[in-house]
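K.L.:
Mind looking over this structure? Questions follow.
The values are calculated or read from the model by the stated rules, or taken from the named source; none is laboratory data. Computed from a predicted model, the values in this text were never measured in an experiment. Cβ placement follows ideal geometry from the backbone for every residue including glycine, while neighbour counts extend to all protein chains displayed. Note: accessible area is taken over every heavy atom of the protein model, side chains too, but ligands, DNA and RNA are not part of it. Shrake-Rupley method; radii C 1.70, N 1.55, O 1.52, S 1.80 Å.
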Amino acid sequence: MVSNNGEIDPKLYTVDYKVPSVKAFFGSLSFIKTAEDGKTALPGAEFTLSGTATGSNKSWSQTAVADQNGTVSFDKIPAGTYTLSETQTPDGFAAMSDKTVVVSYGKTTVDGASAPVVIANTSAKTDISVQKVWQGGEGKAVTVNLLQNGRVYQTVQLSEDNSWQAVFEDVPVVDQAGKAYTYTVEEINVEGY
């Protein structure tokens, strides 16, 4: 230290300085998991958010399950790019396609847009095959209805041209609220049988 008269003081002094700290910007992601109608909550759906944190370049992963209200929440997500995957899907529904989640300066985006409020599942689809087996001589053509909960959903014509068989394709397994459909097949009266 230099004294008032300009001489150097040979004593050692200790000076404490505050060390600056860097606060990370963490993001969060919350949404409601619903059926196709956008209203009916789907509790139990499980999601994993995984990827690489930008600052540390380390892998990061977190899993969350939709609560009774369908709410899914991830918090304290470090800055980085992540993949949101539906790892367990409610019965009767198809898993959503993976989404890209980016956290930057505390702001979270999903597939390049502001984080969604609702993510809806679509109904799983199935195919239903029908085949006409004649007892006795073959007729000309047969009309067959696929009934969904007792109402005509689709109709096909069976004949020798299609080997007396057809497939009802991409038939939904559940309704928009997640309730399972009941399907039956009915043959329209065939003349002479």
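K.L.:
Restrict the search to segment 73-114; then list the chymotrypsin sites (Phe, Trp or Tyr not before Pro) that DSSP places in a loop and that have at most 10 other Cβ atoms within 10 Å of their Cβ.
P.N.:
Listed in order of number, the matching sites are 105.
K.L.:
Under the 0.36 nm per residue contour assumption, what length would be gained going from the current alpha-carbon distance of residue 54 and residue 85 to full extension?
P.N.:
So the chain would gain 9.2 nm between residue 54 and residue 85.
K.L.:
Indicate the gyration tensor shape class of the chain (rounded, prolate or oblate), computed on the Cα atoms with a ≥ b ≥ c the square roots of the eigenvalues: a/c under 1.5 is rounded; otherwise a/b larger than b/c is prolate and the rest oblate.
P.N.:
Prolate shape, in that a/c is at least 1.5 and a/b is the bigger ratio.
K.L.:
Strictly over 23 Å apart at the Cα level, which of 18/76; 132/179; 18/58; 39/125 would you flag in this model? Don't skip to the answer; put the middle values down first.
P.N.:
Details: 18/76 27 Å; 132/179 30 Å; 18/58 29 Å; 39/125 20 Å.
Too far apart for the 23 Å limit: 18/76; 132/179; 18/58.
K.L.:
Next question. Averaging sequence separations of C-alpha pairs under 8 Å and six or more residues apart, then dividing by the length of segment 38-193, give the relative contact order as a whole percent. Working shown, then result.
P.N.:
Working: 304 pairs, mean separation 28.6, N = 156.
18 percent.
K.L.:
Please calculate how many Å² of accessible area the chain carries per residue, with a 1.4 Å probe and no DNA, RNA or ligand atoms counted.
P.N.:
I get 66 Å² per residue for this part.
K.L.:
Roughly speaking, to the nearest percent, how much of the chain's 1.4 Å accessible area is carbon and sulfur?
P.N.:
Roughly 48 percent of what the probe reaches on the chain is carbon or sulfur.
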